[in-house]
Amino acid sequence: MDRTALDRLRGELRPDQIDTSPSALDLHARGESWDAVLSPGVVVYPESTEDVRRVMAFAHESRTPVTPVAVNSSLGGHTVPIRGGISLDLTRMDRIVEIAAEDFLAVVQPGVTYPRLNEALRATGLFFPVDPGAEASLGGMASTNASGTLAVRYGVTRDLLLGLEVVTPGGRVIRTGGRAPKSSSGYALTQLFCGAEGTLGVITEVTVRLVPRPEAVMGARAAFADVRGCVGYVADLIQTGLPVARCELVDAAAVAAIRQHLGLELPALPTVFLEFHGDDASVRSASALALELAEEHAATEASRATDPEALSALWRARHQAYYAMVAVNPGMANVITDVAVPVSRLAEVIDGSLAAAARTGAPTYLIGHVGDGNFHLTLFFAADDAVARARVEAAYGEMVELALAAGGTSTGEHGVGLRKLPYVRAEHGDAVDVMWAIKDALDPHGIMNPGKKLPQREGGSP
Ligand SMILES: Cc1cc2nc3c(=O)[nH]c(=O)nc-3n(C[C@H](O)[C@H](O)[C@H](O)COP(=O)(O)OP(=O)(O)OC[C@H]3O[C@@H](n4cnc5c(N)ncnc54)[C@H](O)[C@@H]3O)c2cc1C
């Protein structure tokens with residue numbers, strides 16, 4: 001960014017909101033599970049919608065690229081400012097604006113994290129049920145349409161958004177949706193900005209739906225001799241219609257990483273972890289039926305867990321699983337798949353994906369929100385080994401192809417970022433041109449998180 005532009009930007013905000021120090025630029029040059037490093041020209045910390053409006057008006061006029069970033073936990077280069085410009089760090093916009101328990105909703109600034117919101121909701125008996133592994137922000141979660149271990153019961157972020165405040169790339173402040181539990185008015189702009197990965201505007205306020213905390217919670221786990229056993233069990237379990245709130249598969253390699261790094265005692269076998277929410281009688285009978293079914297599927301070990309402390313330790317460990325895998329592969333780069341497929345096709349797609357991963361020789365870990373057909377294979381390789389990288393990238397492509405052929409998607413929850421760009425056209429065909437038309441209408445100068453989410457136009461640049 002040139003000096004004159006920087007001086008103009010400095011005129012819009014306080015000095016401590018604009019940072020060009022090497023440490024700030026370096027911190028905003030990288031993301032999780034994406035090892036290319038590209039610095040922004042400046043890091044800007046807005047504290048209000050008006051601050052964002054000023055920055056966007058400046059960026060629009062000067063054609064400066066803007067990359068929004070919050071907790072920076074997205075997995076695929078979403079926040080790496082590949083065209084330089086402004087890294088718009090929203091973490092200072094962290095106020096819980098309102099909790100309206102009587103209307104089952106909360107209004108927050110985008111930098112509020114979901115654990116903080118849930119802490120603030122503790123006395124109300126309500127909670128916000130989307131729980132990605134990292135302590136992500138509500139703005140980031142809305143922008144990636146995040147989900148997590150509870151999506152099988154409560155839905156994904158998009159299902160729980162009532163409305164947004166957004167600053168458009170031209171610097172206009174708009175409101176989408178509202179506070180009513182339902183509406184048929186206007187186009188569904190809330191749903192459009194949700195999952196846009198910061199390519200259509202900056203979310204400056206989020207109104208979310210809350211749900212009652214369950215009266216009773218019961219955990220269960222079933223270990224099997226192999227992954228196929230786990231998947232066959234899950235497919236049947238989902239078909240029973242039992243009130244499953246969590247249904248996670250962790251393979252033997254991932255269990256070993258969790259044991260080694262987090263010290264949790266678990267059988268070193270592929271395991272399905274379950275949780276049931278409801279009243280006391282319903283969770284007891286559901287978990288009993290789940291265990292019976294596990295026996296029918298020849299589980300090698302199956303048990304229930306009622307102790308709340310043990311249960312929360314288990315889910316904490318599940319949320320830390322990625323860091324456990326990174327810790328046992330020090331200094332290595334990784335890629336994470338995020339395909340989602342119909343549950344009936346899960347077994348064949350997991351089998352094919354594991355075979356593709358095995359051909360690379362890379363250390364591989366399988367973890368999945370399998371109750372909703374979504375699983376992640378994480379493959380590790382030496383960052384400076386071009387051959388290993390190419391092999392892993394090729395296997396990644398094969399895995400996405402398998403998912404698409406099964407009627408699935410390249411990304412169930414992480415979003416496209418840079419990682420899944422090569423597969424967007426194959427997944428959406430000519431609908432990509434409609435997406436570009438929307439992008440052009442909202443962001444005519446292409447300043448919002450350029451180079452992400454949509455693949456190159458045919459014969460043009462993104
Ligand atoms: C250990 C680990 C476990 C994870 N588990 C899950 C999981 O289970 N489920 C899941 O869905 N994800 C998971 N993720 C990925 C990640 O947590 C989610 O993608 C999350 O939604 C990102 O939130 P964030 O605040 O970190 O956003 P960031 O990473 O900072 O940004 C994400 C995207 O949103 C854009 N953005 C951020 N804020 C705004 C805003 N206010 N307005 C417009 N655009 C904005 C950014 O430009 C970027 O494109 C995991 C990540 C890690 C590291």
Options 80, 57, 101, ranked by Cα towards positive dipole end of segment 57-106, top entry (Cβ charges): 80
With all protein chains modelled, accessible area of residue 351 [1.4 Å, Å²]: 60 Å²
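Divide by every residue of the chain the summed helix terms, -39500 (n - 2.57) for each DSSP H run of at least 4, and state the resulting mean residue ellipticity at 222 nm, rounded to the nearest 500 deg cm²/dmol. Each step should come with its number before you reach the end.
Values: 16 runs with 168 residues, N = 462.
Calculated from helices alone, the mean residue ellipticity at 222 nm is -11000 deg cm²/dmol.
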Nearest-ten-degree value, helix 227-240 long axis tilted from longest Cα axis of the chain: 90 degrees
Hull volume in cubic angstrom per residue (convex hull over the Cα atoms of the chain): 149 Å³
Non-local Lys pairs in the chain, i.e. 8 or more apart or on different chains, that have alpha carbons under 14 Å apart: 4
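Loop only by DSSP, 10 or fewer other Cβ within 10 Å of the Cβ. Give me the trypsin sites (Lys or Arg not before Pro) in segment 163-206 that pass, ordered by residue number.
Loop-located and lightly packed - 182.
Does segment 333-442 come out rounded, prolate or oblate by the C-alpha gyration tensor, with a ≥ b ≥ c the root eigenvalues, rounded set by a/c under 1.5 and, if not, prolate when a/b is larger than b/c and oblate if not?
Working: a/c = 2.15, a/b = 1.33, b/c = 1.61.
The shape class here is oblate.
Where a ≥ b ≥ c are the square roots of the eigenvalues of the C-alpha gyration tensor, would you call segment 329-380 rounded, which needs a/c under 1.5, or, failing that, prolate if a/b is larger than b/c, or oblate? Walk me through the intermediate numbers first.
Values: a/c = 3.28, a/b = 1.75, b/c = 1.88.
Judged from the Cα gyration tensor, segment 329-380 comes out oblate (a/c at least 1.5, b/c at or above a/b).
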In sequence order, calculated HN-Hα J values of segment 340-348 (Karplus, 6.51, -1.76, 1.60; Hz; x Gly/Pro): 9, 9, x, 4, 5, 9, 4, 4, 5
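Work out how much length residue 425 to residue 20 would gain on full extension: take 0.36 nm times their residue separation and subtract the Cα-Cα distance, in nm to one decimal. Present the calculation step by step, with values, prior to reporting the outcome.
On the way: separation 405, 0.36 × 405 = 145.80 nm, distance 3.69 nm.
Length gained between residue 425 and residue 20: 142.1 nm.
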Rounded accessible area of residue 391 (nearest 10 Å², 1.4 Å probe): 110 Å²
Trypsin sites (Lys or Arg not before Pro) restricted to DSSP loop in segment 7-76 with at most 12 other C-beta within 10 Å: 63
Inter-label distance for residue 123 and residue 213, nm, one decimal - labels placed 7 Å from Cα along Cα-to-Cβ: 1.3 nm
Longest exposed-site-free window of the chain, the sites being GluC sites (Glu not before Pro) in a DSSP loop that have at most 12 other C-beta atoms within 10 Å: 1-214
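With +1 on the Cβ of every Lys and Arg and -1 on the Cβ of every Asp and Glu, and nothing else charged, how large is the dipole of the chain about its Cα centre, in debye rounded to the nearest 20? Mind showing how you got there, number by number?
Working: 40 positive and 55 negative charges, 183 e Å.
With only Lys, Arg, Asp and Glu charged at Cβ, the dipole is about 880 debye.
The values are calculated or read from the model by the stated rules, or taken from the named source; none is laboratory data. Note that the coordinates shown come from a computational prediction; the quantities given were computed from them, not determined experimentally. Methodologically, a virtual Cβ is constructed for each residue, glycine included, from the backbone with ideal geometry; neighbour enumeration extends over all protein chains shown. Ligands, DNA and RNA are stripped out before the accessible areas are found, and what is left, the full protein with its side chains, is counted by its heavy atoms. Shrake-Rupley method; radii C 1.70, N 1.55, O 1.52, S 1.80 Å.
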